[in-house]
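Taking it in order: structure first as structure tokens, then the write-up.
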Amino acid sequence: MKRPRIIIVLGSTAPGGRLATLASVAEAAAVEAGAEVTRCDLSQRSIPVMCTEDAEQPTLPAVAELRREAAEADGFILLTPEYHGNMSGALKNWFDFLYLELAGKFAGLIATTGGGGGDMSISSVKNSFNWCHGFTLPFHAVGKPDDFDGDTLVSEKVRDRVQRIGHDVVRYAPVIRASFDAAKAAGPECTSGVAGTHAGDP
Ligand SMILES: Cc1cc2nc3c(=O)[nH]c(=O)nc-3n(C[C@H](O)[C@H](O)[C@H](O)COP(=O)(O)O)c2cc1C
């Protein structure tokens, strides 16, 4: 059987840090669950701020790569630092380049905060993924400063939650994608549900 393809998106413009620590825990769990995992570390990508009027943007290699890898992925593990009660601008900008690539896909969500509960950044990522007709895991993980010693994760509770997300994304992403693709292929009738609204899409 083909291994599920999972992308881990690090939604920070700062490399490393606590977000990268949680990404590594999630990655190890997804690999253990049998996935082929790639990383999209937004601190290492030259992605412009999305502009609908800039015809050159879709031709930029970094933008084309972002879209290609999202289209090929079965599932996503999305990590964001909480900024002003929201996801980071970098992760929102990643979303703004995507839509059809996320439809019928599945995502698990993880946030780091400066002390807040993380619900607002998790909710914002969930909303954006859902508005792209993607499905999200009803369980998330948040790393607060007390959960770390420097960048080292010391909370076994947070580690456990992140590992569960890694396993669940690998478990559910291929199932959701296969069901959605089958419904999409069946045509635009209401019996095809939301996938039917994408009948004829690439
Ligand atoms: C512009 C900005 C806004 C922030 N807003 C929040 C916030 O609303 N709530 C919160 O708990 N932490 C907030 N923080 C703290 C970050 O969430 C925290 O530093 C970050 O998640 C740490 O992740 P890192 O170690 O990977 O850099 C903010 C930080 C910045 C730079």
* Structure fact -> Label model pair residue 185, residue 24: point-to-point distance (7 angstrom along the Cα→beta-carbon line) in nm is 4.1
* Set the Förster distance to 35 Å, then compute FRET efficiency between residue 54 and residue 131 from the Cβ-Cβ distance, nearest 0.05. => 0.95
* Asked: Where in the range 110-143 is the amide nitrogen less than 20 Å from a point lying 7 Å along the Cα-to-Cβ axis of residue 149?
  -> 143
* What per residue convex hull volume, in Å³, comes out for the range 17-112 when only alpha-carbon positions are used? -> 107
* Asked: Roughly how many nanometres apart are two label points built 7 Å out from the Cα toward the Cβ at residue 71 and residue 2?
  -> 1.4
* **Sum of side-chain charges, residue 137 neighbourhood, beta-carbon under 13 Å (Lys, Arg +1; Asp, Glu -1)** => +4
* To do: With only Lys, Arg, Asp and Glu charged, each at its Cβ (+1 for the first two, -1 for the last two), find how big the charge dipole of the chain is about the Cα centre; round to the nearest 20 debye.
  => 400
* Asked: What percent antiparallel are the DSSP beta bridges of the chain, to the nearest 5?
  -> 10
* Structure fact -> Share (percent) of C-alpha pair distances in the chain greater than 26 Å works out to 31
* Have a look at 40, 132, 51 and tell me which one the Gaussian network model of the chain (Cα, springs below 10 Å) gives the largest fluctuation. => 51
* Between residue 157 and residue 45, what FRET efficiency follows from the Cβ-Cβ distance if R0 is 25 Å, with the result rounded to 0.05? -> 0.20
* Quick one: grab Rg to one decimal and Dmax as a whole number for the range 72-169, Cα atoms only, in Å. => 13.3, 40
* Can you pick out the pairs among 2/92; 2/144; 157/184; 92/144 whose Cα atoms lie more than 27 Å from each other? -> 2/92; 2/144; 157/184
* Among 49, 91, 70, which residue has its Cα positioned farthest towards the positive end of the charge dipole of the chain, with +1 placed on the Cβ of Lys and Arg, -1 on the Cβ of Asp and Glu, and the dipole taken about the Cα centre? -> 70
* **Inter-part distance where the range 13-42 and the range 145-163 are each reduced to a Cα centre, Å** => 14
* **37, 9, ranked by accessible area, largest first (probe 1.4 Å)** => 37, 9
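The values are calculated or read from the model by the stated rules, or taken from the named source; none is laboratory data. Keep in mind that what you see is a predicted model, and the values were worked out from it rather than measured. Reconstructed Cβ throughout: ideal geometry from the backbone, glycine too, with neighbour counts over all protein chains shown. These area figures cover heavy atoms from the full protein model, side chains too; ligands, DNA and RNA do not enter into them. Shrake-Rupley method; radii C 1.70, N 1.55, O 1.52, S 1.80 Å.
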